[in-house]
1. When the chain is modelled as a GNM with alpha-carbon springs shorter than 10 Å, which of Gly51, Gly59, Gly106 fluctuates the most?
2. Which entries in the list Lys58/Lys85; Lys4/Lys68; Lys4/Lys98; Lys4/Lys85; Lys58/Lys98 go over 24 Å, if you measure between the two C-alpha atoms of each?
3. At 1.4 Å probe size, with every protein chain present, just tell me what the per residue accessible area of segment 1-78 comes to in Å².
4. Rounded to the nearest 5, what % of the DSSP beta bridges within the chain are antiparallel ones?
5. Compute the projected area of the convex hull of the Cα atoms of segment 1-64, averaged over all viewing directions, and report it in nm² to one decimal place.
6. Comparing Ser13, Ser61, Ser120, which has the greatest mean-square fluctuation in the GNM of the chain with Cα pairs linked when under 10 Å apart?
7. Helix 110-123 versus the longest principal axis of the chain: what angle, 0 to 90°, nearest 10, using Cα atoms?
8. Pick from Ser43, Ser107, Ser53: which residue has the top mean-square fluctuation in a GNM of the chain where Cα pairs under 10 Å get a spring?
Amino acid sequence: WMEKGQSYFVGDSAFIQDMERMRFHVRPNRLNSGISQLHYNPSFYKELEEGVSMARWKGNSIVFIQDKNFSLPELVKIDYLVVGKNAINPNLLPVHLKVKKVILDGSNSRRYVNQWRTVSANRNIEVHDVADDGAFILTK
């Protein structure tokens, strides 16, 4: 997450401690974005269980699911659902679950993304695939 010259970075400890990988993969974007302050593992981001985490950013709830054995907490309002590693069968997404947008990260297969596109058209769910649509940018 980036805002007003600050970067809030979430990553596993092995990646964060690998300065060469951070320099190669993350630093160029920070420089281009005018980032002057770095914050790791910010308080607005919580891991709920293995493969499921949640963030509150700019008044929005963002849930990340990367494990097929996930369970969403009851009564959670989800504005943006980020899915990785083909974790959710789009045909089994609960009908009562309303989200502003489903974001498919780069770890999903093309076949899986196409399956989401078919289901989303039938269920009127917006889908953003980072492989085709680029980085998802939340401006509000």
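1. Taking springs between Cα atoms under 10 Å, the residue moving most is Gly59.
2. Lys58/Lys85; Lys4/Lys68; Lys4/Lys98; Lys4/Lys85
3. So segment 1-78 comes to 69 Å² accessible per residue, rounded to a whole number.
4. 45 percent
5. On the way: hull surface 18.9 nm².
With the hull built on Cα positions only, its mean projection is 4.7 nm².
6. Highest fluctuation among the options: Ser13.
7. Computed tilt is about 60 degrees.
8. It is Ser43.
The values are calculated or read from the model by the stated rules, or taken from the named source; none is laboratory data. Treat the numbers as computed from the prediction; the structure is a model and nothing was measured. Don't worry about glycine lacking a Cβ; one is built from the backbone with ideal geometry, like all the others, and counts go over all protein chains shown. Just so you know, the surface numbers come from the protein's heavy atoms only, side chains and all, with ligands and any DNA or RNA stripped out. Shrake-Rupley method; radii C 1.70, N 1.55, O 1.52, S 1.80 Å.
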